[in-house]
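One structure is given below, encoded as structure tokens.
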Amino acid sequence: MRRLTLIRQSARRRMPKPGLDAVQQATRLLARREHSRHELRGKLRACGHTAEAIEAALEALRGQGMQSDRRFAEACARSLAERGYGSRRVGHELRRRGVASELAGELERQARHQDLTQAVAALQRKTRARPLERMPLLRFLASRGYPEAVAVQATDAWLRGGRA
């Protein structure tokens with residue numbers, strides 16, 4: 001019963017408010033957080049706007065500087081890195097959210113420079129309460145999107161003394 005209530009509430013939130021056109025609806029979405037063009041297109045489509053109205057709204061927002069895939073991608077990459085995810089995960093998430101491959105690749109390469117220090121920091125948070133063996137640490141870093149070489153370096157550094 002609870003799940004059905006949540007689905008109904010979610011569907012109600014997606015319904016366009018009477019009198020709001022696609023630009024106004026997109027502006028309300030962008031006021032909460034940055035969105036990629038792909039995300040906005042999907043959310044506006046779910047609200048019942050026509051494809052022509054959606055494309056016109058997205059062009060208008062881009063022209064006014066209110067929507068930028070680059071700004072969204074940089075904010076998303078920064079957020080993922082702060083939460084302890086590696087460069088491979090950053091690139092994957094950006095592509096999944098509709099960011100162009102070139103831009104996602106560029107931000108993934110930038111994140112790669114900080115992989116080792118972030119991997120060691122992630123291990124410090126993970127092993128704060130208990131020491132772990134080498135393989136579980138490697139699996140943990142792999143699941144967070146760190147390249148294998150970085151995971152091995154960070155794990156070896158952590159097992160030697162906790163510093164990179």
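The values are calculated or read from the model by the stated rules, or taken from the named source; none is laboratory data. No experiment lies behind these values; they were computed from the predicted model shown. Every residue, glycine among them, receives a Cβ derived from its backbone with ideal geometry; neighbour counts consider all protein chains shown. Quick note on the areas: whole protein, heavy atoms, side chains included, nothing else; ligands and nucleic acids left out. Shrake-Rupley method; radii C 1.70, N 1.55, O 1.52, S 1.80 Å.
A compact table of results
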{"quantity": "Contour minus Cα-Cα distance for E133 and H38 (0.36 nm per residue)", "calculated": "30.0 nm"}
{"quantity": "Note, ³J(HN,Hα) from phi for segment 32-42, Karplus 6.51, -1.76, 1.60, rounded to Hz, x at Gly and Pro", "calculated": "7, 6, 5, 9, 6, 4, 4, 5, 4, 4, x"}
{"quantity": "At most 11 other Cβ within 10 Å, DSSP loop - trypsin sites (Lys or Arg not before Pro), segment 47-119", "calculated": "R83"}
{"quantity": "Cβ-derived FRET efficiency at R0 22 Å, S79 paired with Q24, nearest 0.05", "calculated": "0.25"}
{"quantity": "Area of S79 that stays accessible when all protein chains are in place (1.4 Å probe, Å², to 10)", "calculated": "40"}
{"quantity": "Derived scalar couplings ³J(HN,Hα) [segment 144-153; Karplus, 6.51 cos²θ - 1.76 cosθ + 1.60; whole Hz; x for Gly, Pro]", "calculated": "8, x, 8, x, 4, 4, 5, 4, 5, 4"}
{"quantity": "Inverse mean reciprocal Cα-Cα distance (Kirkwood Rh) of segment 35-164, Å", "calculated": "16.3"}
{"quantity": "Whole-Hz couplings from phi, Karplus 6.51/-1.76/1.60, listed for segment 43-53; x for Gly and Pro", "calculated": "5, 5, 5, 5, 7, x, 7, 6, 4, 5, 5"}
